[in-house]
Structure formats: C-alpha cells, structure tokens
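Enquirer: If you scroll down you'll find the structure; I have some questions about it.
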Amino acid sequence: MKITKIETFRPLAHPSSLWVEVHDDKGNVGLGESFFSQTVIEEYIHTIAAPLIFASANINPESLNFALTPYVGYQGGGIEVRSLGALDVAVWDLWGKSINATMADSLGGKLQDSVKIYNTCAGSSYMKKTSSQNSKNWGVAESKEKGYEDLQAFFNTPAKLARELYDSGIEGMKIWPFDPAAEKSFGNSISQKEIEAGVKIISAIRDEVGMDMDLMIEFHALWNRPTAKRIIDAITPYQPFWIEDPLRPDAVDALAKLRSEISVPIATGETAIGRRQILPLLEKGAVDYLTIDISWTGGLTESRKIASLADLFAVPVAPHDCSGPVALATSTHFSLSQRNGFLQETARAFVNTWYKDFVDGIPKIENGRIYISDASGHGITLQSWVRSSDEVIVRTSKAK
Ligand SMILES: [Mg+2]
C-alpha cells in the first residue's frame, strides 16, 4: 500500500484522546487511536513518522513496524512506541479494507463469535484530562451529569452497582477501593481502618451477588511490595478473580516474589511494552493474566507476537480498554482471533457516552459478551462532524 495522507484529530473537549487516519492511493482510509500524551504524539506523527511512511512505496503492518523502529529511541513505552501503536492499528484497519476482510480475519480468523467482557467501574469523565493520573482526574461531578458514575457507585453503593451489572448480564467488575489510601501515603503504608474500608466494599459485593461476579481488584501499581501483600492477604478470603498491577510491571523480581507469597492470580501488562518487557514476566511466573494495551505496546503487529509468546507459557490475554473506541474494537478482533484471547475489558460509562459521541461502528455488547460486525477492518469510523468542528484540532500531512 502507498500511503498518501495522514490526518490527526484531537478533540479539545476530550483532551486525552487522539485519532489518526491513514489514507492510501486507492482511497481507502484506516483509523488508529492513542490515549494520553496526545499533543506530543500528534507532533511525532506529523514531523517524524509521516515523512518516513511517505518515503516507502510499500507500507503494510510489518514494514510500518520496521520503518518506525529505528536504532535511536526504539525501546520502552515512550512517545515513539505509542505513536507507532496508533499508526499500526490504522494500517491494519487499512489493510483489512484493502482486502475486504475483518481485522479478525486479517489476523487468521475467528476462533469464537464473541468474547466475555467485564466492566471497569469508572465514570464517563474518568481520566478525561491529561493533567494527572490520580483521584483529581476521576471526573466524578461531570460523570454524574451524564448518568454513569460507576466509580462513586463502587465506593458508596457497591451492592447496588454489582446487582445492576449482574442483572444486565455482566459477570465481572473491576474496582480500585484502596487507591485513596495509596495517594495519602505515597503507597508506603495503609492503616487497618483503611484496609477494612476497602474490604467492606468487596464483602458487600460478595454478599449481594456471591461468587457469580468475577472481581478484579486494581492496584494501579501504587504500592510497595509489603503493603501490597498486606492488602492482598486481607482480601484473599473473598476470592478476587485477579489483582491488577499490584506493583509496576518492570519490577519483575518483586512481582514474582509477591506472586509466590499469595494465592490470588496477578494481572499485569497494560504498561509493559512489547515482547522484550513481557518475556521476563512470563519466565519468572510473575503474571497469570496478561492485560496488554494493543496501542500502547506498539500495535497489533507486536500484540499478536506477544499473544503467541504468552501462549507458550499458558497465559491468557485480556486486552486493556478504558481508553477509546478503536482500542475496544481492535482488542475484540484480536481476542476473537487469538488462541489465548479470553476476556475483554470494557467501561460501560465510556461505551455508552463519549465513544458514541465520536465514532460509529462500536462492537455490540449483549448479555456480558462482545461481538464484532462484518465490516472490513475494525469497523470503527469517525463521525463526520469531527472533521469540521472548531472543537477538534485537525492536522494533515500529505505525500509530496
Ligand atoms: Mg489497569
């Protein structure tokens, strides 16, 4: 494929989001996305990546990956890799359109028609800004206005929320009841009272819906190892489905030691980048469920290799969302087509509010499962108003 134009769309009202469209010389368009650090990713795409892409007569997912993995700045989860991830998904979407195949078919075909979801209990304005990654950016008041505030609900009315989710067919929910205590102590310590406050939320959910609801307890890598262990010991009797990011994923030895001391599975991976950061986690037995973010980790080209690697260690993959509609659709195509794809993160407060404001073609979610459409590529397209709105910064680069 010859790429002739690259456009980015940065909505001022939703400052964490960035979309990128890649156009070929046949008139096909592919859509990619990034979440967080959007202004610098936009700049990188236009000033560094676009000239490299336009210089190649033959761009496909593998050649794009090669072109944007130079020997300076190729490692880690920085702007280069996040930009590559957004462009890679756009090129996979374009690839699917050029051969009239769904993304799942481009990846080898579906193993199943739908995949189970769980609900991340965020509100609709959670992490909407890029100013901070803590409770100041939970967007509670704004979310309330839109009618979805699952974050406040899990803190204040956890049983009611669990019942509502369960009755709608959802059998998994993710909550982060210990984050306020971590913010107070820089993750260094937690009081017995703070542990009990979090345990009370978990026990209320168990009392309401029993073991029929999978419980994912998110730690956001905020804790030191001994404190993480104390909290995990306190919630182990409630049999969480997993503990997510108890420590940073690059603290591989500490994670492996923690895993050897607890009986609850560990999920990690959304900020671990590429096979080179995932392999040590697998080799050390530090991860039970791999929660890669397809865009952040460098795109589908890298993600399918990660899934294959994880399969060698009998580790299932449950891709990260809570970031954007393209992430959700791409992850669903990915999970349906991978041997070890088994569960998809969703945030109903996002899917039912701002995802629908910006795009068409969101995968159908029904009775706790998610389905892809027959549309070629990932099936997501930007709504036409996004192109002409004064509230969206549009930048265009064209091949000469
Ligand atoms: Mg997470």
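Enquirer: Using the Cα centre as the reference, give the magnitude of the dipole from point charges on the C-beta atoms of the chain (Lys, Arg: +1; Asp, Glu: -1; all else neutral), rounded to the nearest 20 debye. Could the numbers behind the result be given before it?
Expert: Numbers: 40 positive and 49 negative charges, 107 e Å.
Dipole of the chain, to the nearest 20 debye: 520 debye.
Enquirer: Let me ask something else about it. Could you compute the net charge surrounding V91? Neighbours are other residues with a C-beta less than 10 Å from the C-beta of V91; K and R count +1, D and E count -1. Walk me through the numbers on the way to the answer.
Expert: Details: positive: none; negative: D24, E62, D88, D93.
Summing Lys and Arg as +1 and Asp and Glu as -1 gives -4.
Enquirer: What does the charge add up to near L12, with Lys and Arg as +1, Asp and Glu as -1, over the other residues with Cβ less than 10 Å from its Cβ?
Expert: Working: positive: R10; negative: D390, E391.
For residues surrounding L12, the net value is -1.
Enquirer: Provide the per-residue ³J(HN,Hα) series for region 3-12, in order, calculated from phi with Karplus coefficients 6.51, -1.76, 1.60 and θ = phi - 60°, each as a whole number of Hz, with x at glycine and proline positions.
Expert: 8, 10, 8, 10, 10, 10, 10, 10, x, 5
Enquirer: Nearest 10 degrees is fine. How inclined is helix 252-261 to the longest principal axis of the chain, computing both from alpha carbons?
Expert: Between helix and principal axis, roughly 30 degrees.
Enquirer: Amide H neighbours of I393 under 5 Å, at least 5 residues apart or on other chains, H built in the peptide plane: list them.
Expert: Long-range HN contacts for I393: R10, L12.
Enquirer: For helix 274-283, report the angle its Cα long axis makes with the longest principal axis of the Cα atoms of the chain; keep it between 0 and 90° and round to the nearest 10°.
Expert: Its long axis makes an angle of about 30 degrees.
Enquirer: Of S124, I205, Y148, which is farthest towards the positive pole of region 109-208's charge dipole, taken about the Cα centre with +1 and -1 on the beta-carbons of Lys, Arg and Asp, Glu respectively?
Expert: S124
Enquirer: In addition: Mind listing the long-range amide H neighbours of G341? Cut-off is under 5 Å, sequence gap 5 or more, other chains count too, H placed in the peptide plane at 1.01 Å from N.
Expert: Under 5 Å from the amide H of G341 lie the amide H atoms of V317, each far enough along the sequence or on another chain.
Enquirer: From the P(r) of the chain, can you give the percent of Cα pairs sitting at distances over 41 Å?
Expert: Working: 8407 of 79800 pairs.
Distances greater than 41 Å cover 11 percent of the Cα pairs.
Enquirer: Please report the projected area of region 24-93's Cα convex hull averaged over all directions, in nm².
Expert: Working: hull surface 18.6 nm².
Result: a mean projected hull area of 4.6 nm².
Enquirer: In this model, which of K144/K193; K144/K184; K116/K146; K110/K305; K128/K229; K26/K398 are farther than 20 Å apart at the alpha-carbon? Show your work: numbers first, answer last.
Expert: Values: K144/K193 28 Å; K144/K184 25 Å; K116/K146 26 Å; K110/K305 17 Å; K128/K229 31 Å; K26/K398 15 Å.
K144/K193; K144/K184; K116/K146; K128/K229, as the Cα separations exceed 20 Å there.
Enquirer: Rounding to the nearest 10 and keeping the result within 0 to 90°, find how far the Cα-based axis of helix 300-312 lies from the longest principal axis of the chain.
Expert: The answer is roughly 40 degrees.
Enquirer: Something else: From zero up to wherever the largest Cα-Cα distance of region 275-344 sits, split into 10 Å bins and tell me the percent of pairs in each.
Expert: In whole percents, the pair-distance histogram is 23, 59, 18, 0.
Enquirer: Per-residue HN-Hα couplings for region 54-63, Karplus 6.51 cos²θ - 1.76 cosθ + 1.60 at θ = phi - 60°, whole Hz, x for Gly and Pro?
Expert: Taking θ as phi minus 60°, the curve returns 5, 6, 9, 7, 9, 9, 9, x, 5, 6 Hz for region 54-63.
Enquirer: Another question, then. With the alpha-carbon atoms as the only input, what is the per residue convex hull volume for region 129-276 in Å³?
Expert: Details: hull volume 19.8 nm³, N = 148.
Cα-based convex hull of region 129-276, divided per residue, equals 134 Å³.
Enquirer: Given H placed on each backbone N at 1.01 Å, which residues far from Y289 in sequence or on other chains put an amide H within less than 5 Å of it?
Expert: Placed amide hydrogens put I266, A267, T268 under 5 Å from Y289.
Enquirer: On to the next question. Extending each Cα 7 Å along its Cβ direction at N100 and K5, get the distance between those two points in nm, one decimal.
Expert: 2.4 nm
Enquirer: Which aspartates and glutamates have a Cα less than 16 Å from the Cα of K364, not counting those fewer than 8 places away in the same chain?
Expert: Filter leaves D113, D321, E345, D374.
None of the figures in this text is laboratory data; all of them are computed from the coordinates on show. Just so we're clear, the structure is a prediction, and the values are computed from it rather than from any experiment. Every residue, glycine as well, gets a Cβ built from its backbone with ideal geometry; the counts of neighbours run over all protein chains shown.
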